[in-house]
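Following: one structure in C-alpha cells, then a few remarks.
The values are calculated or read from the model by the stated rules, or taken from the named source; none is laboratory data. All values derive from a computational prediction rather than experimental measurement. Note: ideal-geometry Cβ built from the backbone for every residue, glycine included; neighbour counts use all protein chains shown.
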Amino acid sequence: MSLSPAPSFGTPSAVSARVGEAWLGMGGKLYRSTGGPFVEVTGFGLSGLKDVHVTPMGKVFAVSSANNSLVCASGDCSVAANYTPLLTDSSADTFDGLCGLGERVFAITNGGSNQAQLYEFVNNVWMKVSNDLGFTLPRRCVVGPSGEVYVLGRSFVVRYEAGSFAQENVDLMGQGNAEWYDMALEFNGTQVATGMLVGGVGSGGTMTGYRYARRNPQGGGWTTLPFMQMYGDRLNAVISTGPSEFLAAGFTGGASTTARFVEWKGALWAPVPMANQPPTVLSSVVDAAAASEREVFLVGGSSSSGYAIIRGRR
C-alpha cells in the first residue's frame, strides 16, 4: 500500500486498525486508510511517535517516546485540530506502547528508574494506575475482558489487575536463552483461550532464530514450543486472526528465501505457504494489526531501506 503524500524516507513505527479503517504512525506523522492509500493527517506532528491505537468507536491515540501524546477522543480524527496534547504525570514517565479492549485504553511507560508503569486513559487524561510493575523496560501490553492487563517484558509476562500484579514466567524446557518481542491473546468469555509469545533465540538483543511460547491452559505461566526448522533472526509481531489462529512476522536476517510469515492453526507454528508470503519488498516487520479475522496490516522496512506496508485479506 502507498502513502499520500509519499515521504522521501522513513520506516513505520506502528499500525492499528478497526473494521474499515487503519492508522499508521511514521516519522512523527499520522496516516489514515479507509481501504485505499494511507493519507496523511495534514498538520499532525508528534516528534518521536512510537505507537498508535484506534478503538472500535474510532478514538485515536498516538504516543511519543517521551511523555507527550496526542489524543482524538471525539470528532473527525482525520482532522489534526481534533487532537488534544496530553502528558504523563512526570517528564520521567515516558511512553512505550498502547493497548486496549473496547473503549478502554492503557499505556505502558518507563519511569525514572526504567521501571515498567501502567497508565489508563480516564476522563480525558492519562491516570497512573501502577508506578512500578516490578521489572524494567516493558515491550507490549494486552487488555483482557475483565480489565486485567498483560505486560510483556524481555523474558516474562506480568499480569496486572485491581492494583496488584503477578509475574508469569516462561518455562524454556531446557532450550537456550530467549527474548520476547510481542504477545497476542485470544479470549473465551473472561478466560484466556490461547496466548502466544514470539521473539528470538539468544540474549542481549542478538537473535539467531524465531522463538515461540504458549500460555499454559491453567494460566499463571508460559511454555516454549518445540523448535521447528530455524528461520530468520527474530519475530517482532504476532496477532490473533481467529479462534486458535495466530500470524507472526519479523526479521529474516537478510535471507530473502526465509519465511517472513509463520502461522499457528491450533497445532504448530509453520511457514505461511509461499503463495501467501508477503512481497519480497517487505524485508522486516516492526508492527502488525488485525482489523478483523479477514483483514490484517503489517508494516516495516523494505529491501531498499524505505518503508513497506502490506494489507492481507482472506
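Here are a few things to note about the model shown:
- Some residue of region 199-212 being hydrophobic (A, V, I, L, M, F, W, C), touching a residue at least 24 places away in the same chain (Cβ under 8 Å), under 21 Å from residue 251 (Cβ atoms) and surrounded by 13 or more Cβ atoms within 10 Å (Cβ to Cβ): yes
- Against the numbered list (1) part of a strand (DSSP E or B); (2) in contact (Cβ under 8 Å) with a residue 40 or more places away in the chain; (3) over 25 Å from residue 49 (Cα atoms); (4) not acidic (Asp, Glu), residue 175 comes up short only at (1).
Residues checked against (1) modelled with pLDDT of 95 or more; (2) of a type in the set (Val, Ile, Thr); (3) surrounded by fewer than 17 Cβ atoms within 10 Å (Cβ to Cβ):
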residue	(1), (2), (3)
32	yes, no, no
38	no, no, no
52	yes, yes, no
57	yes, no, yes
66	yes, no, yes
74	no, no, yes
81	yes, no, yes
87	yes, no, yes
93	yes, no, no
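- Qualifying residue in region 80-100 (condition: touching an Asp or Glu at 6+ places or on another chain (Cβ under 7 Å) and either hydroxyl-bearing (Ser, Thr, Tyr) or in a loop (DSSP other than H, G, I, E, B) (or both)): no
- Residue identified as out of contact with any strand residue (DSSP E or B) (no Cβ under 7 Å at 6 or more places or on another chain) and aliphatic (A, V, I, L, M) among 122, 105, 151: 122
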